[in-house]
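Report on the structure given below.
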Amino acid sequence: MKKFIRNFLLPPSLFKFFVKIKKFFEQINYSKKDFENNLELKDIHTKDRCFVIGLGNSINNQDLTLLKDEVVIAVSGFFTHKDINIIMPEYYVLSPIFKNHGNFNKEERYISWLKAMDKTLDDRVKMIIHISDKCYVDKYNLFVRKKVYWNDYSPWFGEKIKSFELNRIPSIASVSEAAVSVAIYLGFSKIYMIGFDHTWYEKNDNHFDNKKVFQYFKKTQRELNKEFKWDSEIHMRNHADIFKKYKRLYAIKNNIFNANADENTYVDTFPKVRYEDLF
């Protein structure tokens with residue numbers, strides 16, 4: 001229905017207005033108190049650098065134990081990595097789980113995944129979780145010994161980004177955008193991205209360990225691609241939006257770098273640096 005309205009009923013300006021109004025009424029259901037603690041994180045790392053880690057198989061060619069004494073922001077299923085207890089991420093970012101992914105797997109599978117994440121991660125980690133998942137976190141008593149910060153997203157249509165709050169992050173197509181946005185909000189002087197290979201268009205399971213990453217779910221990425229008909233064109237269009245967002249985020253401070261292991265990576269949105277040379 002949203003696509004039909006956008007393509008046939010409303011001109012672009014009115015469609016944007018419609019989306020913003022829809023988001024406004026959606027946010028009425030959330031309490032402002034849920035976001036008050038976010039200010040604790042604003043620009044607290046201005047003298048530090050950080051590493052944002054994705055799930056791409058390129059990290060299999062990097063010695064992640066070098067990150068033992070670094071500030072690390074990890075995402076999604078990275079807690080299944082063999083070096084998780086050495087790296088011990090200080091921050092952990094999740095994209096909206098049940099709102100955006102609830103139709104991919106059954107609720108109990110996501111809860112098992114979150115419980116395993118909670119059990120594996122050090123209790124000193126700071127969790128950044130979308131506000132729509134708060135009801136599930138509360139219902140199943142998840143992350144009770146960890147500090148949880150709630151975030152939310154605002155409609156974004158490709159325009160320049162000057163600043164944002166954690167409860168007003170420009171809308172995302174990938175958890176990588178959320179993680180980089182969090183890093184910017186935290187004020188890091190330099191942000192290095194590794195493990196974000198962006199090879200979805202190949203329609204393969206290109207994670208550092210597909211068996212571990214998908215062990216809590218019935219469906220693999222390959223199976224989801226087939227079921228929901230996510231072909232190369234769809235993935236490439238999503239990538240175009242992601243890379244545009246990257247450019248907008250990079251323009252804020254010009255302090256984001258691609259430290260991917262692949263020297264020939266096609267991701268050229270950020271300056272390329274060699275991971276090993278950073279230590």
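The values are calculated or read from the model by the stated rules, or taken from the named source; none is laboratory data. Since the model is a prediction, treat every value here as computed from it, not as a measurement. Please note: Cβ atoms are built from the backbone with ideal geometry, for glycine as well, and neighbour counts cover all protein chains shown. For accessibility, only protein heavy atoms count, side chains too; no ligands or nucleic acids. Shrake-Rupley method; radii C 1.70, N 1.55, O 1.52, S 1.80 Å.
A few comments on the model shown:
- Backbone N within the stretch 136-170 under 11 Å of label point (7 Å from ASN100 Cα along the Cβ vector): 152-154, 170
- Here the stretch 136-278 is described by how far its Cα atoms reach on the three principal axes: 43, 41, 35 Å, from widest to narrowest.
- Using a Förster distance of 30 Å, the FRET efficiency for THR46-LYS134 (Cβ separation, nearest 0.05): 0.55
- Residues of the stretch 100-204: accessible area per residue with a 1.4 Å probe, Å²: 43 Å²
- Distant-in-sequence amide H partners of VAL71 (H built 1.01 Å from N, under 5 Å): PHE51
- Restricting the stretch 143-239 to GluC sites (Glu not before Pro) that sit in a DSSP loop and have at most 12 other Cβ atoms within 10 Å of their own Cβ leaves GLU159.
- Within a Gaussian network of the chain (alpha carbon springs, distance under 10 Å), most fluctuating of ASP118, ASP152, ASP63: ASP63
- Translational diffusion coefficient (Stokes-Einstein; Kirkwood radius from C-alpha pairs) of the chain at 25 °C, 0.890 mPa s, in µm²/s: 125 µm²/s
- Rotationally averaged projected area of the stretch 125-193 (alpha carbon convex hull; nm²): 5.5 nm²
- Nearest-10 value in Å² for the accessible area of VAL273, using the 1.4 Å probe: 40 Å²
- Accessible-area order (highest first, 1.4 angstrom probe) of the listed residues GLU40, GLU90: GLU40, GLU90
- Restriction of the trypsin sites (Lys or Arg not before Pro) in the stretch 86-155 to DSSP coil positions whose beta-carbon has at most 14 other beta-carbons within 10 angstrom yields LYS106, ARG124, ARG145.
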